[in-house]
């Protein structure tokens, strides 16, 4: 039995090393600025009358965002810590919408984002230092049969010429039920009153935002445990064969 222990211990150790080697997918987002979402309403302020395309503009962004991406197809659990706020009501008496996270599981499954050319990206809006000033990717929506094709460009909307604004174009596809689209959600949000007020439904949502979050991707626990058991089983089989 004493000779079996090193094999089992080694299997557990290798499993732990495997887990730790993939636990480094940490992204940090600490930015703030203004936002403007438009072109989601097929009747009002929609340039192409297509409810499945819309635009997001971020204005005068400050702070920094760093993204570390796992390989395509990696099975991971995603945890979030921090907060995100959005204040889209001009009434100063209405508090901003805020979502806080404390080691909260926000998604579990296969990483399916495509279109990235490298595993890490950095965007420093304070120094205007960026891994790339334009690009795009395709994002599946968890739990829904839909995809988002997202393209971005860091530009200077203001006459100051500072590259601290982001122009984002989004195209939705693959939805079998139009009511489940992000555009439909935006229309509901646009028409929903905040704090008992009256939603104007003008086809545009704008305001200010802050994001101060850390998102960590770790291997699916069941997968890691199964891997450990498999290694332990191999060690046991090897011991019995002697």
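FYI, it's all coordinate maths here, none of it is from the lab. Here the structure is a predicted model, which means the values were calculated and not measured.
Region 25-39 and region 102-116 have Cα centres spaced 17 Å apart.
What shape does region 25-220 have by the C-alpha gyration tensor, where a ≥ b ≥ c are the square roots of the eigenvalues, rounded means a/c under 1.5, and otherwise prolate means a/b greater than b/c and oblate the rest? Taking the square roots of the gyration eigenvalues as a ≥ b ≥ c, region 25-220 is rounded.
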